[in-house]
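The values are calculated or read from the model by the stated rules, or taken from the named source; none is laboratory data. This one's a predicted model, so the numbers in the text were calculated from it and none came from an experiment. Cβ sites come from the backbone with ideal geometry, for glycine too, and all protein chains shown count toward neighbours. Keep in mind that these areas ignore ligands, DNA and RNA; they rest on the heavy atoms of the full protein, side chains included. Shrake-Rupley method; radii C 1.70, N 1.55, O 1.52, S 1.80 Å.
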Amino acid sequence: RAAMAARRGALIALEGVDRAGKSTQGRRLVEALREAGHPADLLRFPDRTTEIGQLISSYLGREKNLEDHTIHLLFSANRWEHVPMMKEKLQQGITVVVDRYAFSGVAFTSAKGNFGLDWCKQPDVGLPKPDLILFLQLNPEAAAERGNFGQERYETSSFQEKVLQCFYCLMEDKSLNWKTVDASKSIEDLHREIKSIAKETMQEVQNKPLGELWK
Ligand code: TMP
Ligand code: MG
């Protein structure tokens, strides 16, 4: 009889508006999982360290102008360049937490208008499908209290409001495991909630095959 396949790690995506706490919660989650003996790694998109990531970073910093379709495809390419490594980690039983993923890709480009949702999704079709997408929900007033926007492209409240509407559209897709959490809670309370949802998901998916996004 063939040996049972080793348990795989879970792919967990964090999405949400600016200043909702995605990066803080991503770091805390990975630390907590490791402390509990579950191997886990954090990735953030865009990953500005690669050649493609450097192009993206100079676009966001307004040092470089790129045509809207072009930058969309670069954000997607920046995810695809990590896919072999992500799959390897998941197969080895490592849980991979991603700080933003294809949903940010679609939401930010479609917020520009003149882009169909389908066109925006297409380059990311077939990416590893997250087992869980945690949406950190924070109302614009509460977000504003956390400080001013930075100087990067997209960091205005009118644009972010459009992005939020695009996220809501994407959440209507019930083939994905979206879970909305209240990001107005304290860092500690939100961390506890996220950790518990993440652990549940890791249990549920450990013997299931990894899916393909939007396929
Ligand atoms: P960051 O602030 O999390 O580093 O993200 C940089 C910006 O890039 C943020 O405004 C969201 C945006 N973005 C996209 O437009 N498309 C994408 O695919 C991703 C991952 C982020
Ligand atoms: Mg930012």
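Within 16 Å of ligand 2 (Cβ to nearest atom), touching a residue at least 60 places away in the same chain (Cβ under 8 Å) and surrounded by fewer than 20 Cβ atoms within 10 Å (Cβ to Cβ): is that true of ARG100 in this structure?
Judged against the criteria, ARG100 is not a match.
What about ARG19, is it at positive phi and modelled with pLDDT under 95? Show your work before the answer.
On the way: at positive phi: yes; modelled with pLDDT under 95: yes.
Answer is yes for this residue.
Scan (1) farther than 21 Å from LEU117 by Cα; (2) away from ligand 1 (no atom under 14 Å from the Cβ) for the single condition SER175 breaks and write down its number.
(1)
Applying the selection to the stretch 28-54, what residues are more than 20 Å from the chain's Cα centre (by Cα) and more than 30 Å from LYS195 (Cα to Cα)?
Across the stretch 28-54, the qualifying residue is only GLU51.
For the stretch 44-66, which residues satisfy the criterion of being within 11 Å of ligand 1 (Cβ to nearest atom) and not in a loop (DSSP other than H, G, I, E, B)? Let's see the steps before the verdict.
First, pick out the residues of the stretch 44-66 that are within 11 Å of ligand 1 (Cβ to nearest atom): 44-48, 53, 56-57, 59-61.
Answer for the stretch 44-66, where residues must be within 11 Å of ligand 1 (Cβ to nearest atom) and not in a loop (DSSP other than H, G, I, E, B): ARG44, GLY53, ILE56, SER57, TYR59, LEU60.
Could you please find all residues in the stretch 22-45 being within 16 Å of ligand 2 (Cβ to nearest atom), surrounded by fewer than 22 Cβ atoms within 10 Å (Cβ to Cβ) and not aliphatic (A, V, I, L, M)?
SER23, THR24, ARG27, ARG44, PHE45
Can you name every residue in the stretch 14-33 that is in a loop (DSSP other than H, G, I, E, B) and of a type in the set (Val, Ile, Thr)? Spell out the reasoning first.
Applying the first criterion (in a loop (DSSP other than H, G, I, E, B)) to the stretch 14-33 yields 17-21.
Within the stretch 14-33, just VAL17 meets the criteria.
Going by the conditions given, is ALA107 within 27 Å of ASP182 (Cα to Cα), in contact with a Cys (Cβ under 7 Å, 6 or more places away or on another chain), within 16 Å of ligand 2 (Cβ to nearest atom) and touching a residue at least 40 places away in the same chain (Cβ under 8 Å)?
Working: within 27 Å of ASP182 (Cα to Cα): yes; in contact with a Cys (Cβ under 7 Å, 6 or more places away or on another chain): yes; within 16 Å of ligand 2 (Cβ to nearest atom): yes; touching a residue at least 40 places away in the same chain (Cβ under 8 Å): yes.
Against the criterion (within 27 Å of ASP182 (Cα to Cα), in contact with a Cys (Cβ under 7 Å, 6 or more places away or on another chain), within 16 Å of ligand 2 (Cβ to nearest atom) and touching a residue at least 40 places away in the same chain (Cβ under 8 Å)), ALA107 qualifies.
Of all helices (runs of 4 or more DSSP H) completely enclosed by the stretch 114-201, which ones contain at least 3 residues that are touching a residue at least 60 places away in the same chain (Cβ under 8 Å)? Steps first, please.
Values: elements: 117-121, 140-145, 157-171.
Per the criteria, 157-171.
What number of residues within the stretch 132-161 satisfy the criterion of being open to solvent by 70 Å² or more (accessible area, probe 1.4 Å) and within 30 Å of GLU212 (Cβ to Cβ)?
Number satisfying all stated conditions: 0.
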